[in-house]
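Peer 1: Take a look at this one; I'll ask things after.
The values are calculated or read from the model by the stated rules, or taken from the named source; none is laboratory data. What you see is a predicted model; the values in this text were computed from it and never measured. Every residue, glycine among them, receives a Cβ derived from its backbone with ideal geometry; neighbour counts consider all protein chains shown. Ligands, DNA and RNA are excluded from the accessible area calculation, which covers all protein heavy atoms including side chains. Shrake-Rupley method; radii C 1.70, N 1.55, O 1.52, S 1.80 Å.
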Amino acid sequence: MIDDPVSPLAPSPRQHHQEKSSMRGRVFKLAMGLTHATEAIAAILLVAIILMNVAQVFFRYVLVDPLSWSEETMRYSTTWMVMLAGSAALFRGEHMVISLFTSVRSPLFRRLVHLAVLTCIAGFCLLLVWEGYPAAINNMRQVSPATRIPMTLPYMAIPVGASLMLVKVLCLMILPEDALRREAIEENRP
């Protein structure tokens, strides 16, 4: 009875559109919240990497007593930074793309190509999570040579970053293609 368009219990087309729009709004807010959080963490890691690099140069060439841990820590921090910032760049569409089909007039074809690309990215992210998580767990007993941290920590960057990318890919599949552009325009309005 609810599916009956004449029934008073059936949602009107306008209510259905508002519910769909509301869901997309929540998805967009989730994705933007994750994006802002990962960008902030990646920025902190970048600053830390720069500071460690400057300290390493100072200790090596000025004090002639190099730090034993800085190169290794910078390497692991860079891995985390890249995986976190990569998920933000994916959501914002800032990765390099091949725009072979973007000039096609048919919006349906463009949407299908967009979904096919996102499906391929999601598949690759699933592969990274599927293989990365066991690799991280299998290295739990191994410790890094200089900092003596469990190698699980650097290895976890891959499945964590891929999981964030997968969440954002799913959000991009739900959202319309121009959602980010429209949001940026609305944010810049006086």
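Peer 1: I'd like to verify a number: residues in segment 129-161 that are under 19 Å from residue 75 (Cβ atoms) and outside any loop (DSSP other than H, G, I, E, B), how many?
Peer 2: The number of residues fulfilling the criteria is 14.
Peer 1: Starting from residues that are among the acidic types (Asp, Glu) and open to solvent by 30 Å² or more (accessible area, probe 1.4 Å), keep the ones in segment 42-88 and report whichever is nearest to residue 126 (Cα to Cα). Step through it out loud before you land on a result.
Peer 2: As a first pass, look at segment 42-88 and keep what is among the acidic types (Asp, Glu): 65, 71-72.
Remaining after also requiring open to solvent by 30 Å² or more (accessible area, probe 1.4 Å): 65, 71.
Numbers: 65: 44, 71: 30 Å.
So the residue we want is 71.
Peer 1: Now for a different question. Any residue in segment 81-92 that is in contact with a helix residue (DSSP H, G or I) (Cβ under 9 Å, 6 or more places away or on another chain), among the polar types (S, T, N, Q), assigned to a helix (DSSP H, G or I) and within 30 Å of residue 149 (Cα to Cα)?
Peer 2: Scanning segment 81-92 turns up at least one residue that is in contact with a helix residue (DSSP H, G or I) (Cβ under 9 Å, 6 or more places away or on another chain), among the polar types (S, T, N, Q), assigned to a helix (DSSP H, G or I) and within 30 Å of residue 149 (Cα to Cα).
Peer 1: Scan segment 144-154 and give yes if some residue there is modelled with pLDDT of 90 or more, among the small types (Gly, Ala, Ser) and either in contact with a strand residue (DSSP E or B) (Cβ under 6 Å, 6 or more places away or on another chain) or open to solvent by less than 40 Å² (accessible area, probe 1.4 Å) (or both), otherwise no.
Peer 2: Looking through segment 144-154, none of the residues is modelled with pLDDT of 90 or more, among the small types (Gly, Ala, Ser) and either in contact with a strand residue (DSSP E or B) (Cβ under 6 Å, 6 or more places away or on another chain) or open to solvent by less than 40 Å² (accessible area, probe 1.4 Å) (or both).
Peer 1: Out of all the residues in segment 130-139, which are surrounded by fewer than 17 Cβ atoms within 10 Å (Cβ to Cβ), among the aliphatic types (A, V, I, L, M) and in contact with a Pro (Cβ under 9 Å, 6 or more places away or on another chain)?
Peer 2: Once the filter is applied, which keeps residues that are surrounded by fewer than 17 Cβ atoms within 10 Å (Cβ to Cβ), among the aliphatic types (A, V, I, L, M) and in contact with a Pro (Cβ under 9 Å, 6 or more places away or on another chain), segment 130-139 yields only 135.
Peer 1: Taking into account only those residues within segment 95-123 that are in a loop (DSSP other than H, G, I, E, B) and small (Gly, Ala, Ser), which is least open to solvent (accessible area, probe 1.4 Å)? Break it down into steps so the answer makes sense when it comes.
Peer 2: Going residue by residue through segment 95-123, those that are in a loop (DSSP other than H, G, I, E, B) are 95-106.
Still in the running and small (Gly, Ala, Ser): 99, 103, 106.
Details: 99: 74, 103: 100, 106: 49 Å².
Filtering segment 95-123 for residues that are in a loop (DSSP other than H, G, I, E, B) and small (Gly, Ala, Ser), the one least open to solvent (accessible area, probe 1.4 Å) comes out as 106.
Peer 1: Shifting gears a bit: If you take the residues of segment 54-75 that are assigned to a helix (DSSP H, G or I) and of a type in the set (S, T, N, Q), which of them is farthest from residue 149 (Cα to Cα)? Break it down stepwise before answering.
Peer 2: Within segment 54-75, the subset assigned to a helix (DSSP H, G or I) is 54-62, 70-75.
Then keep just the ones that are of a type in the set (S, T, N, Q); that gives 56, 70, 73.
On the way: 56: 19, 70: 13, 73: 10 Å.
Per the criteria, the residue is 56.
Peer 1: May I pose another question? Could you list, ordered by first residue, the pairs with Cβ atoms under 7 Å in which the first is in segment 153-170 and under 13 Å from residue 82 (Cα atoms) and the second is of a type in the set (S, T, N, Q) and buried (at least 19 other Cβ atoms within 10 Å of the Cβ), at least 6 apart or interchain?
Peer 2: 161/87; 164/38; 164/87; 165/87
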